[in-house]
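Undergrad: Mind looking over this structure? Questions follow.
The values are calculated or read from the model by the stated rules, or taken from the named source; none is laboratory data. Keep in mind it's a predicted model, so treat the numbers as computed, not measured. Using ideal geometry, Cβ is built from the backbone for each residue, glycine included, and neighbour counts are taken over all protein chains shown.
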Amino acid sequence: MPGYDFDRLLFLCVANAARSQMAEGLARAIFGDAVEVRSAGSRPSRVHPDAIRVMAEAGIDLSAHRSTSVDAVDPASVDLVVTLCSDEVCPAALADTPRLAWPLADPDAGEDGSDAQLARFRATRDQLRARLEILAALRGVPDGPRPREFHASVRVPDLPAAARFYAWLLDVPPKEWTHRYVTFVSEALRTNFVVLVDDGMELHQDTLYHLGVDVGTREAVIAAHRRAVDAGWTLHKPARTTWRGTPLHELWLRDPGGNLVEVYARLTPEELAEMPADREPWLLLESGAESAAER
């Protein structure tokens with residue numbers, strides 16, 4: 001599937017004191033009862049008081065949390081592991097469990113309660129929240145079209161929503177993401193696609209507003225239309241055959257940021273020979289039923 005399928009999530013670090021504890025608290029708030037969330041460490045110590053403090057600022061109580069050893073975790077009870085170590089060596093436990101690596105610097109510099117240290121803890125908290133919101137958006141992405149080519153980069157106002165849309169569209173999970181961007185790489189498509197968060201800076205003329213994926217056939221365009229409707233994506237123009245310009249079977253969608261996306265297939269020689277004299281487009285679907293052209 002293009003997203004992630006998990007019901008039991010574990011955050012791993014060394015001391016299980018700050019990053020993994022904050023991640024656990026944030027994930028519990030974001031996923032609710034849908035996902036069982038835990039955290040652990042290879043050398044558990046304490047829950048850092050500055051982690052408790054900055055999470056309380058966000059309305060999340062860590063005061064009852066305790067550091068846990070990864071040795072106490074049954075591998076069969078975890079669907080997905082997220083490691084949070086940066087300069088440290090992360091625990092090698094649960095090596096056979098699917099995992100994501102989010103290397104974040106330890107905010108603890110031994111200056112408990114100082115303004116500088118609290119600022120680091122807040123930054124780590126906010127980066128974790130942004131990453132977790134994207135992970136939540138990628139959980140259970142529905143099946144989409146089977147594209148054959150795509151290459152672009154865009155800026156979007158809602159990074160998690162865009163991550164979910166493009167995982168669905170490209171049929172591949174992101175290679176990596178941060179709180180600023182999401183990168184998709186597909187060897188099958190020879191694609192490197194970057195979704196960048198819109199930071200309010202002026203958009204220049206070379207910014208891409210029109211994106212496209214080739215799905216191969218008219219039938220695949222029709223199927224993509226139906227899958228888009230089922231997934232709740234926004235239709236800009238329904239599936240149709242167009243003759244002006246480059247003759248194509250095409251479907252136009254809008255991604256969650258309003259960018260236009262064309263799902264298309266080039267016409268075969270036999271289909272091209274059917275071009276009408278007026279070159280008016282043929283709808284491939286009419287009120288949910290196949291048109292005469294499809295039948």
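Undergrad: Does segment 27-50 include one or more residues that are of a type in the set (S, T, N, Q), surrounded by 15 or more Cβ atoms within 10 Å (Cβ to Cβ) and modelled with pLDDT under 95?
TA: yes
Undergrad: So which residues in segment 98-129 are of a type outside the set (A, V, I, L, M, F, W, C), on the phi < 0 side of the Ramachandran plot, more than 20 Å from the chain's Cα centre (by Cα) and assigned to a loop (DSSP other than H, G, I, E, B), if there are any at all?
TA: Asp106, Pro107, Asp108, Glu111, Asp112, Ser114
Undergrad: Right, here's the next one. Checking Leu132 against (1) part of a helix (DSSP H, G or I); (2) over 30 Å from Ala15 (Cα atoms), which single condition isn't satisfied?
TA: So the condition that Leu132 fails would be (2).
Undergrad: Gly144 versus (1) in the same structural domain as Gly32 (by TED's automatic domain parsing); (2) crowded, with 22+ Cβ neighbours inside 10 Å: which is the lone unmet condition?
TA: Gly144 satisfies all of (1) in the same structural domain as Gly32 (by TED's automatic domain parsing); (2) crowded, with 22+ Cβ neighbours inside 10 Å except (1).
Undergrad: How many residues, within segment 138-172, are part of a helix (DSSP H, G or I), within 30 Å of Ala18 (Cα to Cα) and touching a residue at least 40 places away in the same chain (Cβ under 8 Å)?
TA: Matching residues across segment 138-172 total 4.
Undergrad: Now for a separate question. Take Ala23 and decide whether it is crowded, with 24+ Cβ neighbours inside 10 Å, touching a residue at least 60 places away in the same chain (Cβ under 8 Å), in the same structural domain as Leu132 (by TED's automatic domain parsing) and under 18 Å from the mean Cα position of the chain (by Cα).
TA: Yes, satisfied.
Undergrad: In segment 100-123, which residue that is in contact (Cβ under 8 Å) with a residue 24 or more places away in the chain and of a type in the set (D, E, K, R) is surrounded by the fewest Cβ atoms within 10 Å (Cβ to Cβ)?
TA: Asp112
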